[in-house]
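The values are calculated or read from the model by the stated rules, or taken from the named source; none is laboratory data. Keep in mind that this is a model prediction, so the values were computed, not measured. So basically every Cβ, Gly included, is an ideal-geometry build from the backbone, and we count neighbours across all protein chains shown.
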Amino acid sequence: MSVFNLYNTLTKRTEEFKPNEEGKVRMYTCGPTVYHFAHIGNLRSYIMEDVLEKYLRYTGYDVKRVMNITDVGHLTSDADSGEDKMLKGAKREHKTVMEIAEFYKKAFFDDCAKLNIKTPDVTEPATNCIPEFIHMIEELLKNGYAYEAGGNVYFDTSKLEEYYVLSNQNEEELQVAVRDDVEEDINKKNKTDFVLWFTKSKFDEQELKWESPWGMGYPGWHIECSSISIKHLGGYLDIHCGGVDNIFPHHTNEIAQSEAYLGHKWCNYWFHVQHLNDQTGKMSKSKGEFLTVPLLEEKGYNPLVYRMFCLQSHYRKPLLFSFDVLDNTKTSYEKLVNKIAALGEDGTLMQQDIEEYRKKFKEAMGNDLNTSQALTVLYDVLKSSLDNASKRYLIEDFDKVLSLGLLDAANTSVEIDESLAEFAEKLIEERNQARKNKDFAKADAIRAELAEKGIEIKDTREGTVWTMAQR
RNA sequence: GGCGACUUAGCCAAGUGGUAAGGCAUGGGACUGCAACUCCCUGAGCAUCGGUUCAAAUCCGUUAGUCGCCUCCA
């Protein structure tokens, strides 16, 4: 197994990855809140986490990955996001909260599929695990890490020896209610305490409520990840993933409650993906253009172009989105696919050379997932003196991790109607005859006629070839 | 105010102490009736100031700018 160096937010260093159990990786990802569409900034994280998972598999690890689906939350009173219109719209159509959750959950996985993001081995909706949440909270109360106040159950952060393990905040400087849409909760003993179970909250219209030892209510927002992770992956987690905005307080609180519950260190590596920004800063649902995968498709972009856009950058660097850069990437992607499509099938696998390039690929990826460098290795392969069979082999091999659908795109194995093919062949022949006779007006007219049917032609040295135009 | 990160050519971006990968765009050329595709050629001294070193984009410190987080956007 090759060396895999990974940046760890916990230690703020790049360190060699070593799982708890030899050859096996337990990995947890904070999933989406399914009450609106995911924007492409959210999806950047899921793309990079997908690359991480696939690279671990590529190097031979047996990976088990779990993701939660947050389908409980203050769904009916979401006033801090501009997208509640969608929710209201759905309500006007007499849909329940669960139906809305179901709708956006499907939308999320549709987006993921288009971006070649593998579905985790386990995806668990929070509403499936209420008994587990309650059990964990009961244990925390029993062990003195939690208290009841004002109808809610809170985690007592003062009971921990170390609370700020992830974020290096300090108690004195931490400001409460920095955001003006947030009010201070007077029930808390310490300002960093957080709610484990609500029965009373400012969000009175909570639609989903469950019976609990503390009354009808619903779980706090941090308990779900700890509980679902421990449920499926046990008490020793290798990698926990998420966007950087989760570091504090979400992940900090997860560590607090999980380790208080378990009584030992919980997770060794914390993987955080930086944000996608637009001209105004962090991409969000409430400002600027609300960019989604279906919107990119409408604008004529293959979603995999966006995946490549993300892979060209490093996951720990803020990335600025613009259509100019996406256009660049689109051209790069198409050129790359063209080059691959032009490869023949000839040759026998040159094992030794193949290993050389695989080694380079692993060096790039093993260096804290340097995907940009890995793409360069792919370009190097195409430019190399390897035979076509070896090149194809390597492209397929790298694409197990990169998942840009390169060979599929290159093979354009679109099912083509036979009569259409005959039609195309016939007109191309006519056109070539016209070209021979220097009747270029007729030749161009035929090309236009073919274009209308979605057939694009190219005059190559080997003759005229045609393809179906994309979309 | 505190904490965290980022700053390399027109744009994206690699680089982890020895004299700046790659991609896109640009310009030039080959090919083509034209177009498209393809191929060849084409560029920066690394935000600032200072330090360490024989040697720094790479290490240390300063300043500036950009971004994120600081309790319910997971």
| Taking the range A:228-282 on its own, how many of its residues are surrounded by 21 or more Cβ atoms within 10 Å (Cβ to Cβ) and of a type in the set (Gly, Ala, Ser)? | 6
| Is it the case that residue A:424 is surrounded by 12 or more Cβ atoms within 10 Å (Cβ to Cβ), within 11 Å of RNA strand B (Cβ to nearest atom) and more than 30 Å from the chain's Cα centre (by Cα)? | no
| said: I'd like to verify a number: residues in the range A:341-391 that are more than 8 Å from RNA strand B (Cβ to nearest atom), in contact (Cβ under 8 Å) with a residue 24 or more places away in the chain, in a loop (DSSP other than H, G, I, E, B) and not acidic (Asp, Glu), how many? | reply: 9
| said: For a quick check of your reading of the model, give me the residue pairs whose first member lies in the range A:216-236 and is within 14 Å of residue A:134 (Cβ to Cβ), whose second is among the hydrophobic types (A, V, I, L, M, F, W, C) and part of a helix (DSSP H, G or I), with beta-carbon atoms closer than 6 Å and at least 6 apart or on different chains. | reply: A:219/A:133; A:223/A:133; A:224/A:126; A:227/A:133; A:227/A:136
| Any idea which residue in the range A:142-185 is modelled with the lowest pLDDT, counting only those that are surrounded by 10 or more Cβ atoms within 10 Å (Cβ to Cβ), of a type in the set (A, V, I, L, M, F, W, C) and over 20 Å from residue A:218 (Cα atoms)? | A:177
| request: Grab the helices (runs of 4 or more DSSP H) fully contained in the range A:226-335, keeping just those with 3 or more residues being of a type in the set (S, T, N, Q). | output: A:252-262
| query | Only one of (1) touching a helix residue (DSSP H, G or I) at 6+ places or on another chain (Cβ under 9 Å); (2) more than 12 Å from RNA strand B (Cβ to nearest atom) is not met by residue A:37, so which one is it? | reply | (2)
| said: When the residues of the range A:7-45 are narrowed to those that are at pLDDT 90 or above and in a strand (DSSP E or B), which ends up surrounded by the fewest Cβ atoms within 10 Å (Cβ to Cβ)? | reply: A:21
| field | Selection from the range A:1-34 of residues that are within 11 Å of RNA strand B (Cβ to nearest atom) and β-branched (Val, Ile, Thr) | value | A:9, A:11, A:14, A:29, A:33, A:34
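Hey, among A:210, A:197, which residue is at pLDDT 90 or above and either in contact with a Ser or Thr (Cβ under 7 Å, 6 or more places away or on another chain) or among the hydroxyl-bearing types (Ser, Thr, Tyr) (or both)? Write out each step before concluding.
On the way: A:210 fails: either in contact with a Ser or Thr (Cβ under 7 Å, 6 or more places away or on another chain) or among the hydroxyl-bearing types (Ser, Thr, Tyr) (or both).
So the residue among A:210, A:197 that is at pLDDT 90 or above and either in contact with a Ser or Thr (Cβ under 7 Å, 6 or more places away or on another chain) or among the hydroxyl-bearing types (Ser, Thr, Tyr) (or both) is A:197.
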| query | Out of all the residues in the range A:395-444, which are within 30 Å of residue A:373 (Cβ to Cβ) and modelled with pLDDT under 85? | reply | A:408, A:409, A:410, A:411, A:412
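State all residues of the range A:313-331 that are of a type in the set (S, T, N, Q) and either in contact with an Asp or Glu (Cβ under 6 Å, 6 or more places away or on another chain) or surrounded by fewer than 16 Cβ atoms within 10 Å (Cβ to Cβ) (or both); if no residue qualifies, say none.
If we filter the range A:313-331 for residues that are of a type in the set (S, T, N, Q), which is where we start, we get A:313, A:322, A:328-329, A:331.
Once the filter is applied, which keeps residues that are of a type in the set (S, T, N, Q) and either in contact with an Asp or Glu (Cβ under 6 Å, 6 or more places away or on another chain) or surrounded by fewer than 16 Cβ atoms within 10 Å (Cβ to Cβ) (or both), the range A:313-331 yields A:322, A:328, A:331.
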